[in-house]
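The values are calculated or read from the model by the stated rules, or taken from the named source; none is laboratory data. Just so you know, these numbers come straight off a predicted model, no measurement behind them. Here the Cβ is made from the backbone with ideal geometry for all residues, glycine too, and neighbour counts use every protein chain on show. These accessible areas exclude ligands, DNA and RNA; they are computed on the full protein's heavy atoms, side chains included. Shrake-Rupley method; radii C 1.70, N 1.55, O 1.52, S 1.80 Å.
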Amino acid sequence: MFEKLFSPIKIKDMELKNRIILPAMGTKFSGDGSEVTDKLIDYHVARVKGGSGLNIVEVTSVYTPAAPKRFLSLSEDEYIPGMKRLTDAIHAEGGKAGVQLWLGALAVSSDRAAQIIIPSDMPISAEITIPGMPKELIPVVVDAYGKAANRAVQAGYDCIEFHCAHTYLPHSFLSGGINRRTDEYGGSFENRLRMITEIIEGIRAQCGPDFPIGVRLSVEEFLDKTGVTEDYIHIQDGVKIAMALEKCGIDFIDVSVGLYETGSVCVEPISFPQGWRKDLIKAVKDHVSIPVIGVSCIREPQIAEQFLESSIVDFVSMGRSWLADEEWGRKVLEGRENELCKCINCLRCFESLNAWMGAGIPAECAVNPRACRERRYG
């Protein structure tokens, strides 16, 4: 049973024991120093033991001036040893480790000392406008991604995921509704794609031809729900971007949707059914030849297997299901799926993380008190 879910698969030279992925989710374990902690290691090790084939480590800053507290970082060499401790621990339990390289744009505002970098001027009020980044900063940022990628390789990561979704800086460049630049990095589709391709090329140059590199991409912003449609990314645009990124040489694509203004489609409440993103993910899958990852509120192994059998995805990525039960994969493999503690999409994890961001208190799960507290509860 669930043969597809537990069949091995390769991305370049990285072989995964199954198709089950723990996606990048913020924990705020890193503290003010942006360092890997024992708590973070315990969190990941518990899920490798629980059957995850690939753990993608949460958003990791690449550029020091824009690196907020409470977020991991690879923006300097000093972070390599801690990251190596984490990858060694994941590998020791038979897992694989990826890291999500990130530059957060408006999201870094949780730390007032962090620099907000956005493509274009953004009025906040009649008196305040956040300035767009100057052109001379673009090659600095591109270089920062490449150097962070090199540090990820030194730290023992098996793959890199370049975060290009959810209104973070790269996604903001892609979106015509956000990017209002008039130079060669704004305007046409090719111009809005330019910085993203430069970053990918820089990462590839630092990691080598055989190292797996992927992109997490918002393929639909859902701004038609707000009455705004012009210039924003809809699924046909998302597919076009995915195809362009494949030509740029990425090895997998992680399909996501939404942005800040449409947050309920990024972290969905219980009203969203399992698998609701199926058609959006399939639209990308039908137009690329590289492996596709997708999250879609999956809680039950039957739905995961259906996604794989129907060629909607090549990997099943489940976020909150892994918070609700750190043994999700092992229980299913052993035929104990009736013992799964299933996510109820109550949003307690998301709300608690945001409420306590400044205090560094990790997320809570309403159905699993061990989540993000594995060391405390043993």
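Worth pointing out:
- For the range 77-108, a residue qualifies if it is more than 18 Å from the chain's Cα centre (by Cα) and at positive phi, and exactly one does: Gly94.
- Any hit, the range 305-316, residues being closer than 27 Å to Phe71 by Cα and surrounded by 15 or more Cβ atoms within 10 Å (Cβ to Cβ): yes
- Selected residue (only one of Val36, Val48 is surrounded by 22 or more Cβ atoms within 10 Å (Cβ to Cβ), more than 28 Å from Pro291 (Cα to Cα), β-branched (Val, Ile, Thr) and at pLDDT 95 or above): Val36
- Cβ pairs under 6 Å, 6+ apart, first in the range 273-290 and over 28 Å from Gly249 (Cβ atoms), second polar (S, T, N, Q): Gly275/Ser296
- Count of the range 62-91 residues which are open to solvent by 40 Å² or more (accessible area, probe 1.4 Å) and modelled with pLDDT under 95: 2
- Given (1) assigned to a helix (DSSP H, G or I); (2) within 23 Å of Val288 (Cβ to Cβ); (3) open to solvent by 10 Å² or more (accessible area, probe 1.4 Å); (4) of a type outside the set (Phe, Trp, Tyr), number of the condition Pro209 does not satisfy: (1)
- Among the criteria (1) under 21 Å from the mean Cα position of the chain (by Cα); (2) surrounded by 15 or more Cβ atoms within 10 Å (Cβ to Cβ); (3) within 30 Å of Ser7 (Cβ to Cβ), the one Glu374 does not fulfil is (1).
- In the set (1) in a helix (DSSP H, G or I); (2) under 16 Å from the mean Cα position of the chain (by Cα), Met25 fails one condition alone, (1).
- Pairs are defined by a Cβ separation below 7 Å, a sequence spacing of at least 6 or placement on different chains, a first member in the range 62-88 that is farther than 19 Å from Cys159 by Cβ and of a type in the set (S, T, N, Q), and a second member that is in a loop (DSSP other than H, G, I, E, B) and open to solvent by less than 50 Å² (accessible area, probe 1.4 Å); the pairs so defined are Thr64/Ser75; Ser75/Val62; Ser75/Tyr63; Ser75/Ala67.
- Single residue of Arg216, Arg194, Arg204 found to be at pLDDT 95 or above, charged (D, E, K, R) and under 13 Å from Ile281 (Cα atoms): Arg216
- Residue tally, condition in contact with a Gly (Cβ under 9 Å, 6 or more places away or on another chain) and open to solvent by less than 30 Å² (accessible area, probe 1.4 Å), over the range 185-196: 1
Listed here are the residues, each with its yes/no results for (1) of a type outside the set (A, V, I, L, M); (2) crowded, with 19+ Cβ neighbours inside 10 Å; (3) modelled with pLDDT under 95; (4) farther than 20 Å from Lys17 by Cα.
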residue	(1), (2), (3), (4)
Asp251	yes, yes, no, no
Gly263	yes, no, yes, yes
Val284	no, yes, no, yes
Ser289	yes, no, no, yes
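- Test for Glu364: is it assigned to a loop (DSSP other than H, G, I, E, B) and either modelled with pLDDT of 90 or more or not small (Gly, Ala, Ser) (or both): yes
- Filtered residue count, the range 342-357, keeping only those that are small (Gly, Ala, Ser) and either at pLDDT 75 or above or in contact with a helix residue (DSSP H, G or I) (Cβ under 7 Å, 6 or more places away or on another chain) (or both): 1
- Cβ-Cβ under 6 Å pairs, at least 6 apart or on other chains, the range 118-139 side free of Cβ contacts under 8 Å to residues at least 60 places away in the same chain and farther than 16 Å from Pro170 by Cα, far side polar (S, T, N, Q) and not in a loop (DSSP other than H, G, I, E, B): Pro123/Thr129
- Residues in the range 92-116 that are modelled with pLDDT of 95 or more, over 15 Å from Ala24 (Cβ atoms) and charged (D, E, K, R): Glu93 alone.
- Residue match in the range 2-14 (condition: polar (S, T, N, Q) and either open to solvent by less than 10 Å² (accessible area, probe 1.4 Å) or more than 23 Å from Ile312 (Cα to Cα) (or both)): no
- Residue within the range 171-184 that is within 25 Å of Asp286 (Cα to Cα), surrounded by fewer than 19 Cβ atoms within 10 Å (Cβ to Cβ), more than 20 Å from the chain's Cα centre (by Cα) and modelled with pLDDT under 95 present: yes
- Ile21 being of a type outside the set (D, E, K, R) and more than 29 Å from Gly176 (Cβ to Cβ): yes
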